[in-house]
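Structure, as structure tokens:
The values are calculated or read from the model by the stated rules, or taken from the named source; none is laboratory data. Small disclaimer: the values here were computed from a predicted structure and weren't measured. Note that each Cβ is placed from the backbone with ideal geometry, even for glycine, and that neighbours are counted across all protein chains shown.
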Amino acid sequence: MNELQFLGAIELGLIYSMVALGVYLSFRILDFPDMTADGSFPLGAAIAATLISYGCNPWLSTFCAILGGCGAGFFTAWLSVRWKILNLLSGILTMLALYSINLRIMKGPNVTIMMDVRTIFSPFEIMFSTKITGTIFLLSLITLVAGFLLWYFMLTKTGLAVRATGTNPRMARAQGIKTRAMILLGISLSNGLIALGGALFAQHQGFADVSIGSGTIIMGLAAVIIGEVVFQTRRIWLTLLACIIGAILHRFAIALALNADGIGLQATDLNLVTAAIVIIAMILPRLKEITTNKFTERSRS
Amino acid sequence: MIKLEKIRVLFNQGTALEKMVLNNVSLAIEEGEVVTVIGGNGAGKSTLLNVLTGDIRPSYGKVFFENINVTDWSAEKRASMVARVFQDPLVGTCGNLTVEENLALAFYRGKNLGLRFALSPNNRKIFHEFLEKLNLGLEARLKDPIGLLSGGQRQAISLIMAVLSPMKILVLDEHTAALDPRTAAFIIQLTCNIILEKNLTVLMVTHSMRQALEVGNRTLMLTEGEVVFDANGKEHSKLTEDDLLKLFKEVVDKKGEEDEILLNP
């Protein structure tokens, strides 16, 4: 892996850390397997790219992308809590609908952001010696702010109520927590973060495409799981940091796999590699359990 | 005063499996009354309790809290008036939240939530004081996930959580049934102390006749969804465990005879 590939992995890792934080919020905090992500990531990209190509302020466009993601998440949660549609299915339905919506927004399968059009990265690209340090600086800043805000939220009364809803809804209701409202809020926030990831992706890559969403959930989960394996902590700020580091490590793993000579993998094998990483990360703890059990049995006998 | 008016609860209403779980139960609980409810399995004790907390909406009848009709209020809306301790300590607390976070949830029960920090030096001090009184050393474990505590410790904290903020009624759902006898005795003693100290209005469901007489100043017996016995005041203080057991057998035998008639026409 050369220096450019290394820095590229950091950039994409920081972008996908938004997805990781969103997936952490839905899957881990709320225990809500939310499949909307595969639709809300390209939704964020589509909204941001389209607005920017129309000449809209890039920060405002990014903000609109976040709102769009929140809306998508709200709809999924609403289907689930109001109409009691299975949460997994609610997300898949929204994701399916978003595919068409994204095509509508972009008036086609993709939108290109021309090189001379200003994105949120433009001023930072000039500010630093190299273009890539500028983007990494801004991406780190955004990741830190998002992570900090999420950490702060978790410690508030409302955040505590969201966490209680995810772990023990019956107890939460007995404490007067409106669990349905908490799910609506949490899933909206989660998809807002994921759409932010999409908006950053579009501006970084210079395009939005309907197909960039496939596998978003698995990428997010991969980051969360890798982070959990590496950090193994209960402290909230560390688990959030673990998501971010996990996203970057996941991108390193992909870069290594795709660029290693001799394996013969190409860029199109990305999804295969991601699935393999998640499967390995999920099997490893089990394997460890089995081997330690065998070991203790043997030492007993 | 808390009033249940002609409560009927039907499960699977309108189907072949329709079952009357509570049949025309009316009950008025005065302030300061500690009502214990006994009865066999399937007598409707838990259903009665769930009607009060709002977890089950009665098919017919009304529920009043101080003249407010709360029949259509959900459990979370009633939380400012009802505090509940569950039978299973795992249900009553959030395992992966810390002890102080669990206490904070109870501290804000039924209040508006905002974007202020859930834990402040001030309420940490309050929690510390409350746990110190238990003499279990739990005040040193405020920052531990509550899942690391034993069932008895968790149930003791559940009790503290229930009385952290004001309520109209404390509802105890066989809250010692999942504990070993020694821990159960400790929790019952703690319950009595708290009820006395705070002068609480209580509805407690129990399987133990002794607990029912010890803790309560009024005892109900439920059978097949109906109140078959209700004693308070002097009548209650004269009651013995044997009286209750005899009564319980009578009721069961009567039902047995009916069954016999049905089976041997």
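Scanning the range B:201-221 for residues that are part of a loop (DSSP other than H, G, I, E, B), in contact with a helix residue (DSSP H, G or I) (Cβ under 7 Å, 6 or more places away or on another chain) and buried (at least 21 other Cβ atoms within 10 Å of the Cβ) yields one hit, B:Thr206. Can you confirm whether the range A:18-33 contains a residue that is assigned to a helix (DSSP H, G or I) and touching a His at 6+ places or on another chain (Cβ under 9 Å)? The answer is yes; a qualifying residue exists.
Within the range A:96-124, being in a loop (DSSP other than H, G, I, E, B) and among the small types (Gly, Ala, Ser) holds for one residue alone: A:Gly108. Within the range A:278-286, the presence of at least one residue that is closer than 23 Å to A:Gly147 by Cβ and either modelled with pLDDT under 80 or part of a helix (DSSP H, G or I) (or both) is confirmed.
Within the set A:Ala77, A:Ala49, A:Ala37, the sole residue that is crowded, with 21+ Cβ neighbours inside 10 Å, more than 15 Å from the chain's Cα centre (by Cα) and under 15 Å from A:Ser190 (Cβ atoms) turns out to be A:Ala77.
For the range A:165-178, the set of residues classified as assigned to a helix (DSSP H, G or I), surrounded by 24 or more Cβ atoms within 10 Å (Cβ to Cβ) and more than 22 Å from the chain's Cα centre (by Cα) consists of A:Met171, A:Ala172, A:Arg173, A:Ala174, listed by residue number.
Rundown of residues vs (1) within 11 Å of another protein chain (Cβ to nearest Cβ); (2) in a loop (DSSP other than H, G, I, E, B); (3) within 14 Å of the chain's Cα centre (by Cα), yes/no style:
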residue: B:Leu103; (1), (2), (3): yes, no, no
residue: B:Leu113; (1), (2), (3): yes, yes, no
residue: B:Lys143; (1), (2), (3): yes, yes, no
residue: B:Leu159; (1), (2), (3): no, no, yes
residue: B:Ser165; (1), (2), (3): yes, yes, no
residue: B:Thr183; (1), (2), (3): no, no, no
residue: B:Ile187; (1), (2), (3): no, no, yes
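Residue count for the range B:87-118 under the criterion of being hydrophobic (A, V, I, L, M, F, W, C) and buried (at least 21 other Cβ atoms within 10 Å of the Cβ): the result is 8. Sub-6 Å Cβ pairs linking a first residue in the range B:224-253 that is in contact (Cβ under 8 Å) with a residue 24 or more places away in the chain to a second residue that is in a loop (DSSP other than H, G, I, E, B), at least 6 apart or interchain, are B:Gly225/B:Gly44, ordered by first then second residue. Restricting attention to the range B:92-103, which residues are touching a Ser or Thr at 6+ places or on another chain (Cβ under 9 Å) and either of a type in the set (A, V, I, L, M, F, W, C) or in contact (Cβ under 8 Å) with a residue 60 or more places away in the chain (or both)? Correct list: B:Gly92, B:Thr93, B:Cys94, B:Leu97, B:Val99.
Checked against the criterion of being at pLDDT 95 or above and in contact with a helix residue (DSSP H, G or I) (Cβ under 6 Å, 6 or more places away or on another chain), the candidates A:Ile113, A:Ile105, A:Ile92 yield just one match: A:Ile105. Just checking, does the range A:99-110 include any residue being crowded, with 19+ Cβ neighbours inside 10 Å and either touching a strand residue (DSSP E or B) at 6+ places or on another chain (Cβ under 6 Å) or among the hydroxyl-bearing types (Ser, Thr, Tyr) (or both)? No; the residues of the range A:99-110 include none that is crowded, with 19+ Cβ neighbours inside 10 Å and either touching a strand residue (DSSP E or B) at 6+ places or on another chain (Cβ under 6 Å) or among the hydroxyl-bearing types (Ser, Thr, Tyr) (or both). Against the conditions (1) out of contact with any strand residue (DSSP E or B) (no Cβ under 8 Å at 6 or more places or on another chain); (2) more than 7 Å from every other protein chain (Cβ to nearest Cβ); (3) touching a residue at least 24 places away in the same chain (Cβ under 8 Å); (4) not aromatic (Phe, Trp, Tyr), B:Arg57 satisfies every one except (3).
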